[in-house]
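Notes to accompany the following structure.
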Amino acid sequence: MGTADNIKHVVVLILENHSFDQMLGCLNEVWPDLDGVDPTRSNVDDAGEPFFQVKSYERQMALDPHHEVEHVAMQLENNNSGFVRNFVVSHPGPPPPSQNDRQWVMSHYPLDFLPALHPLGKNFTVCDRWFSSLPGPTWPNRFFALSGTALGRVDMPGDGTHKVDLPGFFAQTQDTIFDRLNDKGIHWKVYFHDIPQSWVMKHQRAPHNAARYFYIRQFL
């Protein structure tokens, strides 16, 4: 006879775009073989100034590194050496990014700074070479996470252009992981904060699926 399955619930939390090094790279202090931060590695800016991987306690930066496909391609050039250079190109100013802004692109949170993720990383499995499905923005990567495809989309709506961009995004007609759970009679729910991005996917807007969406406060 097989052993009874003691797993009753599986919770999947999908966060926004952040680099592994920034969030969990410090865990190589706990797991020496983890492919984490290396204080000897640097990126240089447009003037050749080096910026190393150092600790930072800054919770919010003023300028957001761009994560569209063309920007990520530049960031990953020459063995991940283009992050600072792309940051400068993405924000020409005026004024141009300060030295602190440029340093933040290379900085990481020190061990135990993140009260949820770091204890989890210390005590459970960490996948340090689990790469995104697409080296690009949030929306298509979430489509991949929920359905295994983005149907060829590699971009997402930009600020101020939602009325132009959104109709094409709502053409995500593929089956999702939720359809597979329905097929097997496995119960599921989606909890969201403001607007559930997965409603862009056509199947999720069907009444029997939309009824399984709840505000995050109900999960808490």
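Quick one: would you say residue 106 is closer than 30 Å to residue 203 by Cβ and surrounded by 16 or more Cβ atoms within 10 Å (Cβ to Cβ)?
On the way: closer than 30 Å to residue 203 by Cβ: no; surrounded by 16 or more Cβ atoms within 10 Å (Cβ to Cβ): yes.
Considered against the rule, which asks whether it is closer than 30 Å to residue 203 by Cβ and surrounded by 16 or more Cβ atoms within 10 Å (Cβ to Cβ), residue 106 comes out as no.
Go through segment 172-200 and count every residue that is in a strand (DSSP E or B) and within 17 Å of residue 140 (Cβ to Cβ).
Our first condition is that a residue be in a strand (DSSP E or B); within segment 172-200, this holds for 172, 190-192.
Subsequent filtering for residues that are within 17 Å of residue 140 (Cβ to Cβ) retains 172.
Of the residues in segment 172-200, 1 are in a strand (DSSP E or B) and within 17 Å of residue 140 (Cβ to Cβ).
Per-residue answers, yes or no, for (1) surrounded by fewer than 16 Cβ atoms within 10 Å (Cβ to Cβ); (2) at pLDDT 95 or above; (3) closer than 17 Å to residue 36 by Cα:
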position	(1), (2), (3)
113	yes, yes, yes
118	no, yes, yes
121	no, yes, yes
125	yes, no, yes
131	yes, no, yes
134	no, no, no
148	yes, yes, no
151	yes, no, no
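Tell me the helices (runs of 4 or more DSSP H) entirely within segment 1-87 that contain at least 1 residues that are β-branched (Val, Ile, Thr) and within 18 Å of residue 138 (Cβ to Cβ). Walk me through it before giving the result.
Values: elements: 20-24, 69-75, 77-80.
Hits in segment 1-87: 69-75.
I need the full set of residues from segment 177-220 which are in contact with a helix residue (DSSP H, G or I) (Cβ under 8 Å, 6 or more places away or on another chain), among the small types (Gly, Ala, Ser) and closer than 21 Å to residue 148 by Cβ, in order please.
The answer is 198, and nothing else.
May I ask you to list pairs of residues, at least six apart or on different chains, whose Cβ atoms are under 9 Å apart, with the first in segment 162-191 being modelled with pLDDT under 95 and the second being hydroxyl-bearing (Ser, Thr, Tyr) and open to solvent by less than 70 Å² (accessible area, probe 1.4 Å)?
Between residues of segment 162-191 that are modelled with pLDDT under 95 and residues that are hydroxyl-bearing (Ser, Thr, Tyr) and open to solvent by less than 70 Å² (accessible area, probe 1.4 Å), the close pairs are 172/147; 172/149.
Output the number of residues of segment 201-220 satisfying the condition of being of a type in the set (S, T, N, Q) and either surrounded by 13 or more Cβ atoms within 10 Å (Cβ to Cβ) or closer than 14 Å to residue 142 by Cα (or both). Reasoning before the result, please.
Quick first cut of segment 201-220, residues of a type in the set (S, T, N, Q) only: 204, 209, 218.
Add one more test, that the residue is either surrounded by 13 or more Cβ atoms within 10 Å (Cβ to Cβ) or closer than 14 Å to residue 142 by Cα (or both), and what stays is 204, 209.
Total satisfying the criteria: 2.
Is it true that some residue in segment 23-32 is within 30 Å of residue 189 (Cα to Cα) and in contact with a strand residue (DSSP E or B) (Cβ under 8 Å, 6 or more places away or on another chain)?
Within segment 23-32, one or more residues are within 30 Å of residue 189 (Cα to Cα) and in contact with a strand residue (DSSP E or B) (Cβ under 8 Å, 6 or more places away or on another chain).
Could you list all residues from segment 123-157 that are of a type in the set (Phe, Trp, Tyr) and closer than 13 Å to residue 172 by Cα? If you could, list the steps in order and put the result at the bottom.
Of all residues in segment 123-157, those of a type in the set (Phe, Trp, Tyr) come to 124, 130-131, 139, 143-144.
Passing the criteria: 139, 143, 144.
Which of the following residues is within 29 Å of residue 220 (Cβ to Cβ), small (Gly, Ala, Ser) and either open to solvent by 50 Å² or more (accessible area, probe 1.4 Å) or free of Cβ contacts under 8 Å to residues at least 40 places away in the same chain (or both): 81, 19? Walk me through it before giving the result.
Values: 81 fails: within 29 Å of residue 220 (Cβ to Cβ).
Of 81, 19, the one residue that is within 29 Å of residue 220 (Cβ to Cβ), small (Gly, Ala, Ser) and either open to solvent by 50 Å² or more (accessible area, probe 1.4 Å) or free of Cβ contacts under 8 Å to residues at least 40 places away in the same chain (or both) is 19.
The values are calculated or read from the model by the stated rules, or taken from the named source; none is laboratory data. In this text the structure is predicted, and so the values were computed from the model without any measurement. Using ideal geometry, Cβ is built from the backbone for each residue, glycine included, and neighbour counts are taken over all protein chains shown. When the accessible area is computed, the model is the full protein with side chains, heavy atoms only, and any ligands, DNA or RNA have been set aside. Shrake-Rupley method; radii C 1.70, N 1.55, O 1.52, S 1.80 Å.
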